[in-house]
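The structure under discussion appears below in the form of structure tokens.
None of the figures in this text is laboratory data; all of them are computed from the coordinates on show. For clarity, every value in this text was computed on a predicted model and none was experimentally measured. Note: ideal-geometry Cβ built from the backbone for every residue, glycine included; neighbour counts use all protein chains shown.
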Amino acid sequence: MTKNYQMYIAGAFCDAGDGQRFDSVNPATEEVWASFPEATAKDVDRAVKAAHQAFTEGPWSRTSARERGRALKRIAHELEKVGPELSVAETTDTGKLLRETRWQAGNLAEIYDYYGGLADKVEGSLPPVGPNQPLSMIVREPLGVVGAIVPWNSQLHLAAFKIAPALAAGNTIVLKPSEEAAAAIVEFARVMHAAGLPEGVFNVVTGGGNPCGQTLVSHPLVRRVSFTGGVETARKVISASVENIAMLSLELGGKSPVVVYDDADMDNVVNGVTSAIFAASGQSCAAGSRLLLQDGVYDDVIDHLVVRAGDIVVGDPMADDTQMGPLATRRQRDLIERLLTESVDAGAKVLSGGGRAGRDKGWFFEPTIVACDGQDYPMVRNELFGPVLSVLRFRDEEEAIRLARDSDYAFAGGVFSRDFGKAYRTARAIPAGRFWINTYRVTNYAMPFGGSGNSGYGREGGIEAIHDYTQTKAIFADLSGAPVADPFVMR
Ligand code: NAD
């Protein structure tokens, strides 16, 4: 039976004003399993106004930093109770392995705890000024209503890195999940409700890019837009900000290189590369999808990887022994198939996989490894967001760096070598927001992430992120008791 979800506006669960809904399909079965309200522009306007009211006049506007910190700790506490329910909803909606969504739900609370602890540590400063100058204070203040947009993958985590610092700093939020998979975020709204946040502080609107997303990012009361998604959508978000001059951060896709030198440890390489491209079925912004192998290890690494890829258990994302679930959307599978076919037609050679994984239903795709003799193949230039790895050969460090840098994206990267100096030089030479040496994909909430170029701008995670949800105000206070000087008399 289809599960009918509601959105969350001004502290209450509700349907769209005109009653319209859209369906969500389970990617493992291709069956409709849930439906959501299709928010109208008026619904989004109501949510933004509720958030604005909460920011300017509601009890949230009068909370101390410590109280906000305590609210975030209550969210963490509630999350610990309902984590398993959230993970089942996310897996059903996106096909991400239950083992992984369970693990992610388990440490989601840590993110809220972390920013809860930072809430009362957002400090201003007093720069040194001359003895005859007024006291000069810099205070940090929240921005107002934050419009947050997330894609379908790792949505609870990605949302947490927006919600937690934004609320800790005193802002209010309207969050829009992806129309491809909104269940986990709407379930999460129950957590926020149970945590007792004042009405309007946190709102969820569900719907597609237009009118829901577009109305949110261009709304005149939205002061800050925090967007995670693809580069083409980001261009629309940037255009929309022309309307409201909102501050933007853009967390976009990647085409991250993984460089393997001749002296690398083979077991580490095989595990690291498998994790870089086949974990989460390659549906990760940080996926290491361009493998660069030095001549001396090229054949050996390929042999090991082909065996490993062939052993990966593709199947039901709810099952404990599954290692790779389906792609989350049919659209993504179609894109992968098209770019792969174009690349093979242009001369790329499939070494492993290359097609739909043999199941009747569901958007499953085989772990795929493709040898490319250059970078000018569609699958090397474009983000596929799936379990497809291109492999290229290089002679020396200089060539590895040149190939790695030759991309419109700059989100992440990795290097494997026993020579730390060479690995470090490589890490420094390749543009990226995060870089792994002799490992891949490991992360924690204290480390920032984000990119440059087509991977966007801004950073999320870590201490600095909280400052991105504040702005400074410079206050000059003349405490000398002296009369205000005549402005037309120069001293
Ligand atoms: P997408 O760009 O299609 O959609 C992202 C979100 O934008 C969705 O909620 C969508 O409804 C919304 N949207 C669409 N049109 C809009 C508009 N005109 N105005 C406002 N919002 C609009 O991306 P996707 O396919 O859901 O996600 C995959 C992409 O996200 C990949 O490129 C991936 O690399 C990227 N991603 C980046 C990160 C990161 O941290 N950098 C993390 C995860 C995913």
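The table below gives the values:
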item	result
By average C-beta atoms within 10 angstrom, highest first, the peptides 140-147, 353-360, 300-307	140-147, 300-307, 353-360
Extension reserve of the residue 303-residue 42 stretch, reckoned as 0.36 nm per residue once the Cα distance is removed	88.2 nm
Per-peptide average of other Cβ atoms within 10 Å, ordering 15-25, 314-324 highest first	314-324, 15-25
Distance from segment 95-129 to segment 188-205 (C-alpha centre basis), Å	17
Additional length obtainable on full extension of the chain from residue 268 to residue 475, 0.36 nm per residue less Cα span	69.1 nm
Where labels lie 7 Å past Cα in the beta-carbon direction, separation of residue 30 and residue 2 in nm	1.9
10 Å-binned pair-distance histogram of segment 90-208 (Cα, whole percent)	12, 38, 27, 12, 7, 4, 1
Relative contact order %, segment 316-393, counting alpha carbon pairs below 8 Å whose residues are six or more apart	30
Span from the segment 221-246 Cα centroid across to the segment 249-263 one, whole angstrom	25
Residues with amide H under 5 Å from that of residue 264, placed H, sequence gap 5 or more	418
Overall Cα dimensions of segment 263-398 - principal axes, largest extent first, Å	44, 32, 24
Stokes-Einstein diffusion coefficient of the chain, Kirkwood radius over Cα pairs, 4 °C, 1.567 mPa s, in µm²/s	54
Potential lengthening between residue 311 and residue 463 on full extension [0.36 nm per residue; Cα-Cα distance subtracted]	50.7 nm
Counting DSSP beta bridges with both ends in the chain, the antiparallel % (nearest 5)	40
Nitroxide proxy distance, nm - points 7 Å out along Cα→Cβ at residue 428 and residue 359	4.6
Rounded Å value of the spacing that divides the Cα centres of segment 451-491 and segment 332-367	51
Rel. contact order, % - alpha carbon contacts under 8 angstrom, at least six apart, the chain	18
P(r) histogram, all alpha-carbon pairs of segment 313-471 included - 10 Å bins from 0, percent	9, 29, 34, 23, 4, 0
Mean ellipticity per residue at 222 nm, deg cm²/dmol - from DSSP H runs of n ≥ 4 across the chain, formula -39500 (n - 2.57)	-11500 deg cm²/dmol
Burial order of peptide ranges 329-340, 102-113 (average beta-carbon count within 10 Å, highest first)	102-113, 329-340
